[in-house]
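Trainee: Take a look at the following structure, please.
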Amino acid sequence: MSHSAVIASGNRLLRQEIRSRIAQEGILCAGEVSELWDLPSRCQEVRPQVALLDAAYGDEIFQVIEQISRGSSTAVIVLGEELDAGQLRKVMQSGARDFILVRSEGQRLGSSIRKVAVISATPETSKSSSQGPATVVAVFSTKGGVGKTTVAANLAAALACHCGVDTALVDLDLEFGGAASMFGVHPQATIVDLCRLDSGIDNGLVEKVMVTAKLDEMPPARSRGNRKSGRLKILAAPQSPDVAAEVDGDARRRAGYNYVDDILAAVAAASPYVVIDMGSSFRETNLTALDRATTILLITTPDILSLQNTGKCLEILLHRLEYPAEKITLLMNQADTALGVSVQEISRGLDFPVAHRLPRDARTVIWAANCGQPFVLTHTHTKVAEGLIALAKGIVANGQARKSKEAEVD
């Protein structure tokens, strides 16, 4: 199927650059305009599938986008030089289908045009079909240093690449989160940008702030299996701990507002599987995530301090917060048989079953973290990777079973 686009920019050099880029992607340039208000009539005349609109025209673009949306079937993609959260929200609210940073995201222009063209041609009944409620896994521990981020990042990668499901990874360790670095990415926008908006949060805006992990560009896995084609998007934690209070502290733009609840709802609406890398406390942000989770993956290690901490955490989760026991899955990380304490003994001591164990493998784990490459992709032959892949497959199986039961009830 061939695709066509009209380019609108007062910058002649930019028009030439965009025309060249889309031509390389096999997309027809159906016309160009230099005057902003010529764009609606040109769209009516040549009926392109997509209009590429330069944000440099200023606030008048919002009126033009609305006019095009009302008067034709052409979808609008806005092109800009920088990501401004306030402008981005106005763009999406006015009816645009995407916002592309020309300098840093220009390589995805062709794929965006094709995607938007297909969506625009899809009947509304098809576009509104739901995949069902999301499976949300909250990876939690009240003790640092137990490998929570390592587990969360590799679990998300395993869901996408070994189970073939679209997955979102949300970093809620607001002060010192590093989930994005586990994939070698450094996002320009983070969760704090969503909390600086003047109005509400929707899934289109949240998806725009998230960054896609380029899993297919990582080295081939040394494995016995094949990767599948799920997509993984990451919502990064703030780049500085100084701004964490804008998400759930005294510096919130709207005092007392629970931004995280809206953000998680939007992420879950867009992704069938969500993994949350949480901070190590029972602050408001984490309580919100625990409430929204379908599974709380509680991480512990076999040392006495961690086990004591885990016992206190289970007491709070089960008896104060009154979560059902079946909502909590206990994972023993860095398990080492040389320590002389068995999983069965630990389960008895905690009065709660250890459902999964991951062996200690510092060489694989540290190498993968330093390289920004999840070991479930590069070292799938190791026991630690096999354990997380098995966990991911179990989560998908449970999620499918849950959705089937809910469908029967409906």
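Trainee: So what J values fall out for the range 357-372 if you push phi through Karplus, 6.51 cos²θ - 1.76 cosθ + 1.60 with θ = phi - 60°, rounded to Hz, Gly and Pro as x?
Mentor: Along the range 357-372, the couplings run 9, 10, x, 5, 8, 4, 4, 5, 5, 5, 4, 5, 5, 5, 8, x Hz.
Trainee: To continue, here is another question. Given the convex hull over the Cα atoms of the range 246-363, what projected area results after averaging over all orientations, in nm²?
Mentor: Taking a quarter of the hull surface, the average projection is 9.4 nm².
Trainee: Taking H as built 1.01 Å from N, whose amide H comes closer than 5 Å to the amide H of Ile276, not counting residues under 5 places away?
Mentor: Val137, Ala138, Val139, Val170
Trainee: Amide H of Asp166 versus every other amide H placed in the peptide plane: which residues, excluding those fewer than 5 positions away on the same chain, fall under 5 Å?
Mentor: Arg231
Trainee: Shifting gears a bit: Using unit Cβ charges (K, R positive; D, E negative) and no other charged atoms, how large, in debye to the nearest 20, is the dipole of the chain about its Cα centre? Please report the intermediate quantities before stating the final value.
Mentor: Values: 43 positive and 47 negative charges, 260 e Å.
Approximately 1240 debye in magnitude.
Trainee: List the residues, sorted by chain then number, that are 5 or more residues from Ala30 or on another chain and whose placed amide H is less than 5 Å from its amide H.
Mentor: Close amide H contacts, sequence-distant or interchain: Ala5, Val6.
Trainee: Next up: Quick check: residue separation of Asn398 and Arg21 times 0.36 nm, minus the Cα distance between them. What number comes out in nm?
Mentor: Extending this stretch completely gives an extra 131.3 nm.
Trainee: Another one. Determine, from the Cβ-Cβ distance of Thr212 and Gln44 and an R0 of 41 Å, the FRET efficiency 1/(1 + (r/R0)^6), rounded to the nearest 0.05. Provide the component values of the computation, followed by the final result.
Mentor: Details: r = 34 Å, r/R0 = 0.84.
With R0 = 41 Å, the Cβ-Cβ based efficiency is 0.75.
Trainee: Let me ask something else about it. Modelling each spin label as a point 7 Å along the Cα-to-Cβ direction, I'd like the Arg196/Leu305 distance in nm, to one decimal.
Mentor: 3.7
Trainee: Taking 0.36 nm per residue of sequence separation and subtracting the Cα-Cα distance, how much length would be gained by fully extending the chain between Asn203 and Asn370, in nm to one decimal? The partial results should precede the final answer.
Mentor: Numbers: separation 167, 0.36 × 167 = 60.12 nm, distance 3.18 nm.
The span from Asn203 to Asn370 would gain 56.9 nm if fully extended.
Trainee: Please list 3J(HN,Hα) in residue order for the range 203-213, calculated via the Karplus relation 6.51 cos²θ - 1.76 cosθ + 1.60 where θ = phi - 60°; whole Hz, with x for glycine and proline.
Mentor: With the stated coefficients, the range 203-213 comes to 5, x, 5, 4, 4, 5, 6, 6, 10, 8, 6 Hz.
Trainee: Using the Cβ atoms and a cut-off under 13 Å, what net charge is assigned to the surroundings of Val243, where Lys and Arg are +1 and Asp and Glu are -1?
Mentor: Working: positive: Arg196, Arg252, Arg253; negative: Glu175, Asp193, Asp242, Glu246, Asp248, Asp250.
Cβ neighbours under 13 Å give a net charge of -3.
Trainee: Now for a different question. When only C-alpha pairs under 8 Å and at least 6 residues apart count, what is the relative contact order of the range 135-409, in percent? Let's see the in-between values first.
Mentor: Working: 506 pairs, mean separation 83.0, N = 275.
That works out to 30 percent.
Trainee: Each label point is 7 Å from the Cα along the Cα-to-Cβ direction; what then is the distance between the points at Gln344 and Arg103, in nm?
Mentor: Reported label-point gap for Gln344 and Arg103 is 6.3 nm.
Trainee: If I take R0 = 45 Å and measure r between the Cβ atoms of Ile316 and Asp59 in this structure, what FRET efficiency does the formula 1/(1 + (r/R0)^6) give, to the nearest 0.05? Working shown, then result.
Mentor: On the way: r = 50 Å, r/R0 = 1.10.
It comes out at approximately 0.35.
Trainee: Work out the P(r) tail for the range 274-338: percent of alpha carbon pairs separated by more than 18 Å, whole number.
Mentor: Numbers: 759 of 2080 pairs.
Summing the P(r) tail past 18 Å for the range 274-338 gives 36 percent.
Trainee: While we're on this one: What list of ³J(HN,Hα) couplings, whole Hz, do you get for the range 270-281 from phi and the Karplus terms 6.51, -1.76, 1.60, once you set θ to phi - 60° and write x for glycine and proline?
Mentor: 9, 10, x, 10, 10, 10, 10, 8, 9, x, 9, 7
Trainee: Let me ask something else about it. Under the rule of -39500 (n - 2.57) per DSSP H run of 4 or more residues, summed and divided by the residues of the chain, what mean residue ellipticity at 222 nm is obtained, to the nearest 500 deg cm²/dmol? Let's see the in-between values first.
Mentor: Details: 18 runs with 174 residues, N = 410.
Here the helix-only value at 222 nm equals -12500 deg cm²/dmol.
Trainee: Separate question: At 7 Å along Cα-to-Cβ for each site, give me the label-to-label distance between Glu326 and Ser229 in nm.
Mentor: It works out to 3.5 nm between the two label points.
Trainee: Report D for the range 336-377 in µm² per second (integer): Stokes-Einstein, Kirkwood Rh on Cα pairs, 25 °C, 0.890 mPa s. Walk me through the numbers before you get to the answer.
Mentor: Details: Rh = 12.3 Å.
It diffuses with D of about 199 µm²/s by this estimate.
Trainee: Another question about this same structure. Stick to the Cα atoms of the chain, pair each with every other, and give me the Kirkwood hydrodynamic radius in Å at one decimal. Please list the in-between numbers first.
Mentor: Numbers: mean 1/r = 0.0435 Å⁻¹.
Hydrodynamic radius (Kirkwood, Cα only) of the chain equals 23.0 Å.
Trainee: Listing Leu159, Leu109 from the residue with the fewest other Cβ atoms within 10 Å to the one with the most, what is the order?
Mentor: Working: Leu159 34, Leu109 22.
Fewest to most other Cβ atoms nearby, the residues stand as Leu109, Leu159.
Trainee: Pulled fully out, how much extra length does the chain show between Asp351 and Arg12, if you take 0.36 nm times their separation in residues and subtract their Cα-Cα distance? Kindly include the intermediate steps, with their values, before the conclusion.
Mentor: Values: separation 339, 0.36 × 339 = 122.04 nm, distance 7.04 nm.
Net length gain for the segment: 115.0 nm.
Read-outs: derived from the displayed coordinates by stated rules, not from any lab. The model shown is predicted, which means the values in this text are computed figures rather than measured ones. So basically every Cβ, Gly included, is an ideal-geometry build from the backbone, and we count neighbours across all protein chains shown.
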